[in-house]
Amino acid sequence: MSQTGGVPSTPPAGEPVPADGSLPEGTAVGERPFSMYLHVPYCRTRCGYCDFNTYTATELGGGASQASYAAQAVAEIRFARRVLGAVDLPVRTVFVGGGTPTLLPAADLAAMLAAVREEFGLAPGAEVTTEANPDSVDPAALAALREAGFTRISFGMQSSAPHVLAVLERTHTPGRALAAVGEARAAGFAHVSLDLIYGTPGEREVDFAASLADAVGSGVDHVSAYALIVEEGTRLAARIRRGELAPPDDDVAADRYLQAEAALTAAGYDWYEVSNWARPGGACRHNLAYWHSADWWGIGPGAHSHVGGVRWWNVRHPAAYGQRLAAGASPAQAREVLSAEQRRVEDVMLRLRLADGVPRGLLRPAGRVALDDAVARGLAVPAGVDRVALTLRGRLLADAVTRDAVD
Amino acid sequence: MALTQRASGPAPGATDPARIRNFCIIAHIDHGKSTLADRMLQHTGVVEERVMRAQYLDRMDIERERGITIKSQAVRLPYLAKDGASYVLNLIDTPGHVDFTYEVSRSLAACEGAVLLVDAAQGIEAQTLANLYLALENDMVIIPVLNKIDLPAAQPEKYAAELAHVIGCEPDEVLQVSAKTGHGVEALLDAVVARVPPPVGEADAPARAMIFDSVYDTYRGVVTYVRVVDGHLSTRERIAMMSTGATHDLLEVGVISPEPTPADALGVGEVGYLITGVKDVRQSRVGDTVTTARKGAAAPLGGYRDPKPMVFSGLYPLDGSDYPELRDSLDKLKLNDAALVYEPESSAALGFGFRCGFLGLLHLEIVRERLEREFGLDLISTAPNVVYRVDMDDGSELTVTNPSEFPAGKVAAVHEPVVRATILAPSEYVGAIMELCQSRRGTLEGMDYLSEERVELRYSLPLAEIVFDFFDALKSKTRGYASLDYEPHGEQSADLVKVDILLHGDPVDAFSAVVHREKAYAYGVAMAGKLRELIPRQQFEVPIQAAIGSRVIARETIRAIRKDVLAKCYGGDISRKRKLLEKQKEGKKRMKMVGRVEVPQEAFIAALSTESTPAKPK
């Protein structure tokens, strides 16, 4: 069900990682804020559009199980501590994504969080988020999560329209997500987020308007809205290929985006990243850590990590993952050690997506000219101290602006 | 000398002309000419069975793959005939294609007789008929032969009657052979001896030999194939080319039998080769007369013509940095192709390349294919066009080989090349063919029934109308049954205009076309529509206009792209997204900029190729 989880379908190509997981000599550890991502690679059923690294009981095969998963995750948390050494690394944010984290008992999630605390410690005021499926939470579980130290919860609502949820093959009923928000707030979660998907085949403007109104009406302080991406190999892609469903239309997606911006702005939410809006204080600090190129360790099958310019990603199958950890070896499949220029390119690429914009200092002369041109064409505006940020139209063309800005 | 000759026969230079028979085979592609030639080589013993390879005489890979002969060859076959005497049969292989009509005519001029070879299952084809007419004009003896009589689908009686009707003989005079099995080949060789007259020439006159082919050989330089008419040419003599007056030392003369075999001399009526050490086939032009430098002939044999390019196309390297390679490759190809002409040109859209002139579409295709295959180049070729002669209002005259250089105004008259086309098809398709030819501005010049079911249509057509998709259209309208041949037939004035294609206001030179005024709108609409599909949306709206001068005749719009952003970019997406960005940057480098519009190379290729699939006359 994940929208924000760190584990998309296709891993990049990379170089091998030593069995002990050690980082290349000279990797700066502890110079940047530190976060942890915990991946839960399980779902009850696989949604039609989903290509994330997640497994249903039937897909899983032998050698891995939901029941033993928390212990494996804890093992990697302890492994991470050994690799990173004795550096003081208070964890600023934790994000449990999936899959469907709430498919695990709250006690398992609590145990994983406890291990983070034990090994690294949480920074004061740390943000601790879990994703949740509206179907797989109840007041008792929410209370237990709150009790365990979770501060924020993000529900995959996707849409208020039953026919849209049907195309997405989501199992919850439209009202269930909103009810879950109420239950979470009642359990004491001050920060609740809803994910919406727009541009689904068959979705009408009024359907999306209703979804936005429902999300706003629920009182959440954060909304993510994503254009539907048809990933290769999904059932959705197959149905479109067979002509059963119309392919998503970029112009429709652009209209929906403007619709989201209008409705959310009117309700007091401000965009802070291309696909994310929040009320004051509601921005997801964990995701901001990604976009500011902070350090984080991703726990779990297929999870990605970044420490000091080294990116790596774990093996994808839970069984292989479990075996590596059981043998005391790194579960990493491969890594890439970024050059200074690659880090700069990533920084420009990520910062341009943020409302704060990209600092001009990250740009080379050609990139500056390109961004000045973007300003002249109404795609960007000067922002803050020597920064440039995208306009509403520029947000819709962010990738095109980025291609020129990284020159 | 790799092979032993089992039947050596009279020596070159000392052969009695009465014992010589010079002949060629006129046939349509696939009707078995090369197989028959192979069988003749075997039957006369010049090639042993074990070294025989299919289509022995077709040397070039492309020829073998396409089953056609681009360059003619001449082979000397010693033959002990039925009458008990030894003869020398010179088989001159004619180039089998419409673009090479002139070369065919020179090959025919080297012969006294022709074997008209027709597939017994298919009957005569347009190109065969055209070459037959050439042969008849030269007063050659024709020996009609049906091949492939072993095929179950063969209809010897029907096609013997058709052949007899065409050349005016009796059906029982048509020989029946199977080149595949060898059946009837001996009877055919005897018929050549009996029916083809021996060559006639003056042995004591100054030497005169006609060049009917010249090829470039990496090791020997230019190898020139000649038919001696008068006198003789001997090794170590100095010779002169009569069209240019250039003189060369004759390093070697010889005959092909079937490998080059040096000889002391070539005498009256003999066919063989000359080597002078020159490196460029332009020094040794087809149709020219060779004589001796001292005491040479006063007048040439006549019939010489400079090769004249009829079809032009811009050739551009896909990767601009390959331009020097393209230049070097064309320079090398030129050594072996006297008809290929080219000069550098640059296109705002395609960069640096060459405007190349060809004898016709097949010639274009062969050159392009050789550049790609033998020299490993990736090329874009612009839509083929013909050459226009433009009379300006001020009395000056312009020759336009590139449509983008066609003048926009002050034009008094435009002249375009015309061809005379021969189309053979089953009679049920006459209506469809007439409709097609009419739509291509054709004029019907005549029509004949070869038999009840087969008809010959003769049309005068602007060459420009057949360099596009004429042959494909003809084939599809006749379910593949029609065959086509054409030859240049002067020029005509016509109401022609240049249609420019503008992208966001900037003309794209590669897409300019000269078309008949009545067809300008259709061309404009089609091209604009095609480009709208091929060019990706840009950050701004891009109008595509087709215009004659400043008058816009068609317009399409590529709407501005409104969304170009990935919805999600979280921790696990970053590496993937950066790599995608790097890939997109690479892709951007391969874009051609037309003004501010980024046009993918593929769009150029697709736009230039689909509608301009070169006709492949057969």
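The values are calculated or read from the model by the stated rules, or taken from the named source; none is laboratory data. What you are looking at is a predicted structure, and each value in this text was computed from that prediction instead of being measured. Here the Cβ positions follow ideal geometry from the backbone for every residue, glycine too, while neighbour counts run over all protein chains shown. Just the protein is used for accessible areas: all its heavy atoms, side chains included, with ligands, DNA and RNA removed. Shrake-Rupley method; radii C 1.70, N 1.55, O 1.52, S 1.80 Å.
Only one residue in B:GLU452, B:GLU456 is surrounded by 15 or more Cβ atoms within 10 Å (Cβ to Cβ), of a type in the set (D, E, K, R) and more than 30 Å from B:GLU397 (Cα to Cα), so which one is that? So that I can check it myself, show each step before the final result.
On the way: B:GLU452 fails: surrounded by 15 or more Cβ atoms within 10 Å (Cβ to Cβ).
Going through B:GLU452, B:GLU456 in turn, the sole match is B:GLU456.
Mind checking whether some residue in the range B:376-399 is under 19 Å from B:HIS489 (Cα atoms), open to solvent by 10 Å² or more (accessible area, probe 1.4 Å) and free of Cβ contacts under 8 Å to residues at least 60 places away in the same chain?
yes
Sort through A:THR56, A:THR27 and tell me the only one that's under 24 Å from the mean Cα position of the chain (by Cα), away from chain B (no Cβ under 14 Å) and surrounded by fewer than 21 Cβ atoms within 10 Å (Cβ to Cβ). If you could, list the steps in order and put the result at the bottom.
Values: A:THR27 fails: under 24 Å from the mean Cα position of the chain (by Cα).
Selected residue: A:THR56, the only one of A:THR56, A:THR27 that is under 24 Å from the mean Cα position of the chain (by Cα), away from chain B (no Cβ under 14 Å) and surrounded by fewer than 21 Cβ atoms within 10 Å (Cβ to Cβ).
Give the residues of the range B:258-310 that are of a type in the set (Lys, Arg) and over 28 Å from B:LEU359 (Cβ atoms), sorted by residue number. It would help to see each step written out before you state the result.
Step one: of the range B:258-310, the residues of a type in the set (Lys, Arg) are B:279, B:282, B:285, B:294-295, B:305, B:308.
If the condition is that a residue be of a type in the set (Lys, Arg) and over 28 Å from B:LEU359 (Cβ atoms), then B:ARG294, B:LYS295 are the ones that fit.
Please determine whether any residue of the range A:305-316 is touching a strand residue (DSSP E or B) at 6+ places or on another chain (Cβ under 9 Å), touching a residue at least 24 places away in the same chain (Cβ under 8 Å), open to solvent by 10 Å² or more (accessible area, probe 1.4 Å) and closer than 19 Å to A:THR54 by Cβ.
There is at least one residue in the range A:305-316 that is touching a strand residue (DSSP E or B) at 6+ places or on another chain (Cβ under 9 Å), touching a residue at least 24 places away in the same chain (Cβ under 8 Å), open to solvent by 10 Å² or more (accessible area, probe 1.4 Å) and closer than 19 Å to A:THR54 by Cβ.
Working only within the range A:321-374, note down all residues that are assigned to a helix (DSSP H, G or I), of a type in the set (Val, Ile, Thr) and farther than 28 Å from A:GLY302 by Cβ. Write out each step before concluding.
From the range A:321-374, those assigned to a helix (DSSP H, G or I) are A:321-326, A:340-351, A:360-362, A:365-374; that's our starting set.
In the following step, the residues that additionally are of a type in the set (Val, Ile, Thr) were identified as A:345, A:348, A:369.
Result: A:VAL369, single match.
Here are some conditions: (1) under 26 Å from A:ILE229 (Cα atoms); (2) crowded, with 24+ Cβ neighbours inside 10 Å. A:PRO331 meets all but one. Which one does it not meet?
Going through (1) under 26 Å from A:ILE229 (Cα atoms); (2) crowded, with 24+ Cβ neighbours inside 10 Å one by one, A:PRO331 breaks only (1).
Could you give every pair whose Cβ atoms fall below 9 Å, whose first residue belongs to the range A:126-155 and is under 17 Å from A:LEU178 (Cα atoms) and modelled with pLDDT under 95, and whose second residue is of a type in the set (A, V, I, L, M, F, W, C) and open to solvent by 40 Å² or more (accessible area, probe 1.4 Å), counting only separations of at least 6 or pairs across chains?
Sorted first by the residue in the range A:126-155, then by its partner, the pairs are A:PRO134/A:LEU178; A:PRO134/A:ALA179.
Give just the number: which of (1) open to solvent by 20 Å² or more (accessible area, probe 1.4 Å); (2) more than 9 Å from chain B (Cβ to nearest Cβ); (3) under 26 Å from A:ALA405 (Cα atoms) does A:GLY357 not satisfy?
With (1) open to solvent by 20 Å² or more (accessible area, probe 1.4 Å); (2) more than 9 Å from chain B (Cβ to nearest Cβ); (3) under 26 Å from A:ALA405 (Cα atoms) applied to A:GLY357, the lone miss is (1).
Any idea which of (1) free of Cβ contacts under 8 Å to residues at least 24 places away in the same chain; (2) within 9 Å of chain B (Cβ to nearest Cβ) is the one A:TYR257 doesn't satisfy?
For A:TYR257, the failing item is (1).
I'm trying to understand the selection: among the residues of the range B:423-445, which are open to solvent by 10 Å² or more (accessible area, probe 1.4 Å) and under 22 Å from B:ALA164 (Cα atoms)? Steps first, please.
Start the filter on the range B:423-445 by keeping residues that are open to solvent by 10 Å² or more (accessible area, probe 1.4 Å), which leaves B:426-432, B:434-435, B:438-445.
The answer is B:PRO426, B:SER427.
Among what's in the range B:243-267 and is aliphatic (A, V, I, L, M) and within 26 Å of B:LEU91 (Cα to Cα), pick the residue that is most open to solvent (accessible area, probe 1.4 Å).
Pass one, the range B:243-267, residues aliphatic (A, V, I, L, M): B:246, B:250-251, B:253, B:255-256, B:263, B:265-266.
Checking the rest, the ones that are also within 26 Å of B:LEU91 (Cα to Cα) come to B:250-251, B:253, B:255-256, B:263, B:265-266.
Working: B:LEU250: 2, B:LEU251: 104, B:VAL253: 0, B:VAL255: 7, B:ILE256: 10, B:ALA263: 17, B:ALA265: 14, B:LEU266: 0 Å².
Going through the qualifying residues, I end up with B:LEU251.
Determine whether the range A:270-288 contains at least one residue that is hydroxyl-bearing (Ser, Thr, Tyr) and more than 10 Å from chain B (Cβ to nearest Cβ).
Here is the first cut: in the range A:270-288, the residues hydroxyl-bearing (Ser, Thr, Tyr) are A:272, A:275.
Among the residues that remain, those that are also more than 10 Å from chain B (Cβ to nearest Cβ) are: A:272.
Yes, that holds for at least one residue.
Tally the residues that are over 18 Å from B:GLN584 (Cα atoms), surrounded by 20 or more Cβ atoms within 10 Å (Cβ to Cβ) and within 11 Å of another protein chain (Cβ to nearest Cβ), restricting the search to the range A:360-407.
5
In the range B:556-576, which residue that is open to solvent by 30 Å² or more (accessible area, probe 1.4 Å) and part of a strand (DSSP E or B) is farthest from the other protein chains (Cβ to nearest Cβ)?
Only one residue fits best here, namely B:GLU556.
In the range A:230-254, how many are in a helix (DSSP H, G or I) and within 14 Å of another protein chain (Cβ to nearest Cβ)?
Applying the first criterion (in a helix (DSSP H, G or I)) to the range A:230-254 yields A:235-241, A:250-254.
Cutting the leftovers down to within 14 Å of another protein chain (Cβ to nearest Cβ) gives us A:250-254.
Qualifying residue count, the range A:230-254: 5.
Considering only residues that are part of a strand (DSSP E or B) and open to solvent by less than 20 Å² (accessible area, probe 1.4 Å), look in the range B:332-367 and name the one that is farthest from B:ASP506 (Cα to Cα). Talk me through it step by step, then tell me what you get.
Of the residues in the range B:332-367, the ones part of a strand (DSSP E or B) are B:341-347, B:351-358.
Subset that is open to solvent by less than 20 Å² (accessible area, probe 1.4 Å): B:347, B:353-358.
Details: B:SER347: 13, B:GLY353: 20, B:PHE354: 22, B:ARG355: 22, B:CYS356: 25, B:GLY357: 27, B:PHE358: 30 Å.
Looking at the filtered set, the residue picked out is B:PHE358.
Just wondering, is there one or more residues in the range A:212-222 that are under 19 Å from B:LYS563 (Cβ atoms) and either over 23 Å from the mean Cα position of the chain (by Cα) or open to solvent by less than 30 Å² (accessible area, probe 1.4 Å) (or both)?
Narrowing the range A:212-222 to residues under 19 Å from B:LYS563 (Cβ atoms): A:212.
From what is left, the residues that are either over 23 Å from the mean Cα position of the chain (by Cα) or open to solvent by less than 30 Å² (accessible area, probe 1.4 Å) (or both) are A:212.
Yes; the residues of the range A:212-222 include at least one that is under 19 Å from B:LYS563 (Cβ atoms) and either over 23 Å from the mean Cα position of the chain (by Cα) or open to solvent by less than 30 Å² (accessible area, probe 1.4 Å) (or both).
Somewhere in the range B:207-229, is a residue touching an Asp or Glu at 6+ places or on another chain (Cβ under 9 Å), assigned to a loop (DSSP other than H, G, I, E, B) and open to solvent by less than 60 Å² (accessible area, probe 1.4 Å)?
Looking for residues that are touching an Asp or Glu at 6+ places or on another chain (Cβ under 9 Å), assigned to a loop (DSSP other than H, G, I, E, B) and open to solvent by less than 60 Å² (accessible area, probe 1.4 Å), one finds at least one in the range B:207-229, hence yes.
Tally up the residues in the range B:279-331 that are in a helix (DSSP H, G or I), polar (S, T, N, Q) and closer than 30 Å to B:SER512 by Cα, please.
As a first pass, look at the range B:279-331 and keep what is in a helix (DSSP H, G or I): B:281-283, B:320-331.
In the following step, the residues that additionally are polar (S, T, N, Q) were identified as B:283, B:321, B:329.
From what's left, closer than 30 Å to B:SER512 by Cα: B:321, B:329.
Adding up the residues that qualify gives 2.
Of the residues that make up the range A:126-133, is at least one closer than 29 Å to A:GLY85 by Cα, within 20 Å of the chain's Cα centre (by Cα) and either open to solvent by 20 Å² or more (accessible area, probe 1.4 Å) or among the hydrophobic types (A, V, I, L, M, F, W, C) (or both)?
Within the range A:126-133, one or more residues are closer than 29 Å to A:GLY85 by Cα, within 20 Å of the chain's Cα centre (by Cα) and either open to solvent by 20 Å² or more (accessible area, probe 1.4 Å) or among the hydrophobic types (A, V, I, L, M, F, W, C) (or both).
Provide a single number: the residues in the range A:337-391 that are farther than 27 Å from A:TYR257 by Cβ and hydroxyl-bearing (Ser, Thr, Tyr).
Residues flagged as farther than 27 Å from A:TYR257 by Cβ and hydroxyl-bearing (Ser, Thr, Tyr) within the range A:337-391 amount to 1.
Kindly indicate whether any position in the range A:264-287 is more than 28 Å from A:ALA190 (Cβ to Cβ) and not in a loop (DSSP other than H, G, I, E, B). Let's see the steps before the verdict.
Taking the range A:264-287 and keeping what is more than 28 Å from A:ALA190 (Cβ to Cβ), we get none.
No, every residue in the range A:264-287 fails to be more than 28 Å from A:ALA190 (Cβ to Cβ) and not in a loop (DSSP other than H, G, I, E, B).
Here are some residues: A:ARG324, A:ARG285, A:ARG279. Which one is in contact with a Ser or Thr (Cβ under 9 Å, 6 or more places away or on another chain) and under 25 Å from A:LEU352 (Cα atoms)?
Values: A:ARG324 fails: under 25 Å from A:LEU352 (Cα atoms); A:ARG279 fails: in contact with a Ser or Thr (Cβ under 9 Å, 6 or more places away or on another chain).
Exactly one residue qualifies, and that residue is A:ARG285.
Conditions tested, residue by residue: (1) away from every other protein chain (no Cβ under 14 Å); (2) surrounded by fewer than 18 Cβ atoms within 10 Å (Cβ to Cβ); (3) of a type outside the set (Gly, Ala, Ser).
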{"residue": "B:GLY490", "(1), (2), (3)": "yes, yes, no"}
{"residue": "B:ASP500", "(1), (2), (3)": "yes, no, yes"}
{"residue": "B:PHE511", "(1), (2), (3)": "yes, no, yes"}
{"residue": "B:VAL514", "(1), (2), (3)": "yes, no, yes"}
{"residue": "B:GLU533", "(1), (2), (3)": "yes, yes, yes"}
{"residue": "B:ARG537", "(1), (2), (3)": "no, yes, yes"}
{"residue": "B:PHE540", "(1), (2), (3)": "no, yes, yes"}
{"residue": "B:ALA546", "(1), (2), (3)": "yes, no, no"}
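Need the failing condition index for A:GLY298 against (1) within 12 Å of another protein chain (Cβ to nearest Cβ); (2) small (Gly, Ala, Ser); (3) out of contact with any Ser or Thr (no Cβ under 8 Å at 6 or more places or on another chain), just the number.
The failed condition is (3).
Report whether or not A:THR171 is within 14 Å of chain B (Cβ to nearest Cβ), assigned to a loop (DSSP other than H, G, I, E, B) and either of a type outside the set (Gly, Ala, Ser) or open to solvent by less than 20 Å² (accessible area, probe 1.4 Å) (or both). If you could, list the steps in order and put the result at the bottom.
Numbers: within 14 Å of chain B (Cβ to nearest Cβ): no; assigned to a loop (DSSP other than H, G, I, E, B): yes; either of a type outside the set (Gly, Ala, Ser) or open to solvent by less than 20 Å² (accessible area, probe 1.4 Å) (or both): yes.
The answer is no for A:THR171.
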